[in-house]
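The values are calculated or read from the model by the stated rules, or taken from the named source; none is laboratory data. These numbers come from a predicted model, not from an experiment. For neighbour counting, all protein chains shown are included, and Cβ atoms are generated from backbone atoms with ideal geometry for every residue, glycine included. Remember, those area values only see protein heavy atoms, side chains included, never the ligands or the DNA or RNA. Shrake-Rupley method; radii C 1.70, N 1.55, O 1.52, S 1.80 Å.
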Amino acid sequence: MTVHHQQGVLIFYLCGYVPGAIRTFFLQRLFLRLAMRVLYVRGIANNFIVRRTDSNCLSQKVVTQEVFPTRQELVEQFPEVLGPRRQKSNTTQELQRPTYLCDFPTAKKVTSFTNVKDKVVLDIEPSSPRVLTRAMLDAGAKFVAATDKSKFAFVFKQEIERLERAYGKRYKSLSTPICVSPLGTSTGQDLETWEHLDLPLQPWDASTDAMVATGILSQKVFLRNYILSMAERTGPFAFGSMEGYFLIPQHTAKLILANPGSPEYDYITALSQAFASLTALTKFSSSCFDPSRTRIVGDTDVYDMVLIKVRPNKSIELPANLTGADIHNVMRLLFVRKKDRCEIALKKLGTGYKSLLQSADLDPSTPVNELQPETFVNILRAYSNLVE
């Protein structure tokens, strides 16, 4: 007996031999189940979410096609974070407010400059609505892991959950930061923390990177920590080298791209250029970001963002006894007074500064801000011999 025949017999039985109230109850249940099955097949069941199979999904399982809010809807939904300047905030507080990318067309343009197709992407920006993350996934990223540890993480929880539903196992939200600690040493981010993400392990000097880092680094400290992790080869860098594509404030871009001897040449400049090659790809107006704000200094809007490419210098490997904290402390002390002569600056490191001068082959009279980036690598190597 076929299924349809069985259902017909059941309906006949219910109509003929069951009291009216009970018969009505069972008929309603039966017709409701049949109706839901038809609706599900047509793709409008389950709260009217259309189900599809994503060919790029790692597990090839069914994921959901969500309706994501527009930029204006996000601003209206999260006014305390994405809204205009607060009345009681001063200039310093306003500069320290995170910058978010909520405009999906702009995010797609950013993605067009990157190389994320079929790669693992680490989104190291602080917690955000994840519009850039979505653009990376749509561009063909194999997998995206994003950190959501900040005081605003709970605000964007709904958007994070929406991404998890839409992209399934291709997206992972982390409760611990992908960047390193302020001193450059990983905090609770040993290899086990990263192994559960199934990151591709490859030689540091491989010709092609299997991973890409991205995000909005609205403060210099995030870029500094990223470079320190790169120099120390900890956290995700323990699995190999990776390119980085970051949106940074225009004034920060001016600092890290400065030439030796220029007024802008500073600690973050020497650190970045010593361990990576930096390329400015394009600039985006402050009107593309939220909170919407402008501040003109000279002829520059400090809230304009520059997309930079950060490529690790794979030929540089520091001694194993030199930690990120050592790198940070040495570089910071040298740039306390960046126009000081090398001999005076190295005295801040304590006894043995003369051997540092000799080992690094430095001219004692050269100002610190005129040293080439690779010279600082020589200083760090010489310093490692003193701390053994």
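Tabulated data
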{"quantity": "Test result for Pro200, closer than 23 Å to Leu132 by Cβ and modelled with pLDDT under 80", "calculated": "yes"}
{"quantity": "Ser292 being on the phi < 0 side of the Ramachandran plot, open to solvent by less than 60 Å² (accessible area, probe 1.4 Å) and of a type in the set (S, T, N, Q)", "calculated": "no"}
{"quantity": "Counted residues, region 267-288 - those being closer than 18 Å to Val302 by Cβ, of a type outside the set (A, V, I, L, M, F, W, C) and under 20 Å from the mean Cα position of the chain (by Cα)", "calculated": "3"}
{"quantity": "Residue list for region 241-257, restricted to those being open to solvent by less than 10 Å² (accessible area, probe 1.4 Å) and touching an Asp or Glu at 6+ places or on another chain (Cβ under 7 Å)", "calculated": "Ser241, Met242"}
{"quantity": "Some residue of region 263-271 being closer than 25 Å to Leu101 by Cα, in contact with a helix residue (DSSP H, G or I) (Cβ under 7 Å, 6 or more places away or on another chain) and open to solvent by less than 30 Å² (accessible area, probe 1.4 Å)", "calculated": "yes"}
{"quantity": "Pro84, sole failed condition from (1) at pLDDT 90 or above; (2) open to solvent by 10 Å² or more (accessible area, probe 1.4 Å); (3) within 23 Å of Gln158 (Cβ to Cβ)", "calculated": "(1)"}
{"quantity": "Candidates Lys254, Lys309, filtered to the one that is part of a helix (DSSP H, G or I) and farther than 14 Å from Asn369 by Cβ", "calculated": "Lys254"}
{"quantity": "Cross-chain or 6+ apart pairs with Cβ under 6 Å, region 132-144 first and over 11 Å from Tyr167 (Cα atoms), then of a type in the set (Lys, Arg) and not in a helix (DSSP H, G or I)", "calculated": "Gly140/Lys117"}
{"quantity": "Those residues of region 314-354 which are open to solvent by 50 Å² or more (accessible area, probe 1.4 Å) and part of a helix (DSSP H, G or I), in sequence order", "calculated": "Asn329, Arg332, Glu343, Ile344, Lys347, Lys354"}
{"quantity": "Among the candidates Ser315, Ser292, residue that is farther than 24 Å from Trp204 by Cα, of a type in the set (Ser, Thr, Tyr) and at pLDDT below 90", "calculated": "Ser292"}
{"quantity": "Among residues of region 212-228, those that are within 12 Å of the chain's Cα centre (by Cα) and either open to solvent by less than 10 Å² (accessible area, probe 1.4 Å) or of a type outside the set (S, T, N, Q) (or both), counted", "calculated": "9"}
{"quantity": "Pairs where the first residue, in region 321-332, is more than 13 Å from Arg233 (Cα to Cα) and touching a residue at least 12 places away in the same chain (Cβ under 8 Å) and the second is open to solvent by 40 Å² or more (accessible area, probe 1.4 Å) and assigned to a helix (DSSP H, G or I), C-beta under 6 Å, 6+ apart", "calculated": "Val330/Tyr383"}
{"quantity": "Residues of region 218-251 satisfying the condition of being closer than 30 Å to Arg293 by Cβ, β-branched (Val, Ile, Thr) and not in a helix (DSSP H, G or I)", "calculated": "Ile248"}
{"quantity": "Unique residue being out of contact with any Gly (no Cβ under 7 Å at 6 or more places or on another chain) and open to solvent by 50 Å² or more (accessible area, probe 1.4 Å) when the list is Ser384, Ser359", "calculated": "Ser359"}
{"quantity": "Ser262 part of a strand (DSSP E or B) and at pLDDT 90 or above", "calculated": "no"}
{"quantity": "Pair list, Cβ < 8 Å and 6+ apart or interchain, from region 71-83 residues that are farther than 16 Å from Leu101 by Cβ to residues that are of a type outside the set (Ser, Thr, Tyr) and open to solvent by less than 30 Å² (accessible area, probe 1.4 Å)", "calculated": "Glu80/Val155"}
{"quantity": "Residue among Leu307, Leu281 that alone is open to solvent by 50 Å² or more (accessible area, probe 1.4 Å), closer than 18 Å to Val110 by Cα, of a type in the set (A, V, I, L, M) and in contact (Cβ under 8 Å) with a residue 40 or more places away in the chain", "calculated": "Leu281"}
